[in-house]
1. Exactly one of these conditions fails for Asn356: (1) surrounded by 16 or more Cβ atoms within 10 Å (Cβ to Cβ); (2) touching a helix residue (DSSP H, G or I) at 6+ places or on another chain (Cβ under 8 Å). Give me its number.
2. Just to be sure, is Ile276 under 30 Å from the mean Cα position of the chain (by Cα), closer than 24 Å to Tyr92 by Cα and buried (at least 21 other Cβ atoms within 10 Å of the Cβ)?
3. Would you mention how many residues in the stretch 211-263 are at pLDDT 80 or above, closer than 30 Å to Ile300 by Cα and either part of a helix (DSSP H, G or I) or out of contact with any helix residue (DSSP H, G or I) (no Cβ under 7 Å at 6 or more places or on another chain) (or both)?
4. Among the numbered conditions (1) within 30 Å of the chain's Cα centre (by Cα); (2) modelled with pLDDT of 90 or more, tell me where Lys204 comes up short.
5. Tell me which of these Leu158 doesn't satisfy, since it passes every other one: (1) over 24 Å from Phe129 (Cα atoms); (2) at pLDDT 90 or above; (3) in contact with a Cys (Cβ under 8 Å, 6 or more places away or on another chain).
6. List every residue pair whose Cβ atoms lie under 6 Å apart, where the two residues are 6 or more positions apart in sequence or sit on different chains, the first residue falls within the stretch 387-398 and is more than 9 Å from Asp461 (Cα to Cα), and the second residue, located anywhere, is of a type outside the set (S, T, N, Q) and surrounded by fewer than 19 Cβ atoms within 10 Å (Cβ to Cβ).
7. Tell me which strands (runs of 3 or more DSSP E) are completely within the stretch 267-361 and hold 1 or more residues being aliphatic (A, V, I, L, M) and at pLDDT below 85, or say none if there are none.
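The values are calculated or read from the model by the stated rules, or taken from the named source; none is laboratory data. Here the structure is a predicted model, which means the values were calculated and not measured. Cβ coordinates were reconstructed from backbone atoms using ideal geometry, including for glycine residues, and neighbour counts include every protein chain displayed.
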Amino acid sequence: MNRDDFNNISNTLPRTPGVYMFVDKAGTPIYIGKAKNLKNRLSSYFIPEYNLRNKTRVMIKNAVKINWTVVQSEADALILESTWIKQHMPRYNVMLKDGKSYGYICIKNERFPRVYFTREIINDGSTYFGPYTSKWRAKILLKLIKDLFPLRTCNLNLSEENVDAKKYKVCLEYHIENCLGPCVGKESEKDYNEKINQIKHILKGQFKPVKDHLMAEIHELAAKMKFEKAQELKEKLIAFDDYQAKSTVVNPSIKNCDVFAVELDEDYAFVNFIKIINGAIINTHTEEVNLKIDMTESDILDLVIPALRERFNSNAPEILVNYLPEWVSEGITVTVPKIGDKKKLIDLSVKNIKFNKLQFFESRNKIAQAKNHSHRILNTMKNDLKMDVLPKHIECFDNSNFQGSNSVASCVVFRNAKPAKSEYRHFHIKTVEGQNDFAFMEEIVYRRYKRLLEENQSLPDLIITDGGKGQLSSAMKSLNKLGIADKITVIGIAKRLEEIFFPGDSIPIYIDKKSESLKVIQKARNEAHRFAITFHRDQRSKRVHKTELTEIKGVGDKTAQKLLTSFKSVKNIENASQDELSTIVGPALGKNIFKHFKRQKTKG
């Protein structure tokens, strides 16, 4: 859309509040905005003197049409703009992060509620506090709660029927006084719920009711001559005061308010949010906004204030800002403080932005440097190995066995010259008897790439075999069977002189010992060896333990594996109670195993 196109419609534009929409030739909205005065705002996009950002010029060039809607007030324009953006998700509008990865403290909707950290919100009536952008801060809160108010951590169904029927027994948490035993009726529902009420006060930042509650309990215990218990509670109160002292950095007369500061960079806006309840900073968060089009500080705050207040469940009646937004909401006061403690809060918020900006751009620079470093290494490797493509995806194989037994193998994966440990795979050798390293390599390479082909997964750019010509030839047999030998570069690395062999070539090449590409090949080889050896040791250990367990009457391989999976080690099985063993393998066999180890201890 150009200036002439706009001039054709400019006389029809109203001078009232409204929402406008730039639309491309496919009829798709590409940008949605609001305005106090539609004509003035839209005209600003087509005035040559205005120094528009490049992204804005591209947006206007891609637009073929402008739609608009007149509304009664600026507040209505803000609401309609937000609704349309969520509905159409235009490519040039700023989209805030949805916060799904943030953590919450959940008070579970159940009898004798649990209190725990979670990243998932379930609509089951549970109460969620947060989000907490720092898991560390949430953990500190949970530790404080645990120290002040012993709660259950189990997920048992503590219905009245189950508790009255004495269905459960107290666990270790009860014995170490982390729980008061509601599962066996040692703590009443009323007393437990009173603790939950105090926890809600803490999570809302309302410290005074909690202190009053603790002080009342201390006096009550002292009156009953229970001085030790009173002293324990007093120590908890001191810990609580210490936590509150660290949290309260604001003048308590300020009460409840939200603080927003914004600062623009060339391509980004940074907004810091501070949530204050009863004079204490309860939460802080900095949002980085990728600017896709010209926006002022006020435009950014119009977008961010309602979004962050909704995300952090804030209903504070006062908002402090460093730029006055157009955003308005009934019953809310928005001010730009110039002096006093409120101005100090804005300064603190701006200070947070400075530190976050520094961290943000340093992080971006490190990522860019890492990418450049990886690209340089991959280019060197491509040249050293005479490859047609960059070896972004590398896989390396090795095997391990002990005198032909417990034969296993490993495949490690490197992405962009770095280990991708979640993609590592290990293999049990299935088709080869005895010790035959070449046959092992042939089997695992075939199995690996047969599976990748069946699952339509991408093949590596480079395959490395740990060993010389023999292992390399074995790998090539499998790749030829699968018809992919000509699609992948394959090399073998011999340990003694770090010789690099290529298929069909008996003369190796030697890469400079200081070369970064050789270091990556060596690292992949060493990782494959380490992964194979570790897996082999685990298998041998399990076999020894299994043999020890299968000597017990009635215990076969499957039962031994089941016990090891549940108890992790033979030592733990040996120390388990008869009831614990019976839970896994049944009463009769549990009794057998318990007696076996009891006899062993007696002999010892």
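1. (2)
2. Working: under 30 Å from the mean Cα position of the chain (by Cα): yes; closer than 24 Å to Tyr92 by Cα: no; buried (at least 21 other Cβ atoms within 10 Å of the Cβ): yes.
So Ile276 fails the test.
3. 2
4. In the conditions (1) within 30 Å of the chain's Cα centre (by Cα); (2) modelled with pLDDT of 90 or more, Lys204 misses (2) alone.
5. Just one mismatch for Leu158, condition (1).
6. Qualifying pairs under 6 Å: Asp398/His529.
7. Numbers: elements: 268-277, 280-290, 318-321, 333-335.
Once the strands (runs of 3 or more DSSP E) in the stretch 267-361 are filtered for at least 1 residues that are aliphatic (A, V, I, L, M) and at pLDDT below 85, what remains is 268-277, 280-290.
Residues checked against (1) free of Cβ contacts under 8 Å to residues at least 40 places away in the same chain; (2) more than 22 Å from Ser329 (Cα to Cα):
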residue	(1), (2)
Pro14	no, yes
Asp24	no, yes
Ile32	no, no
Ala35	no, no
Asn51	yes, yes
Lys55	no, yes
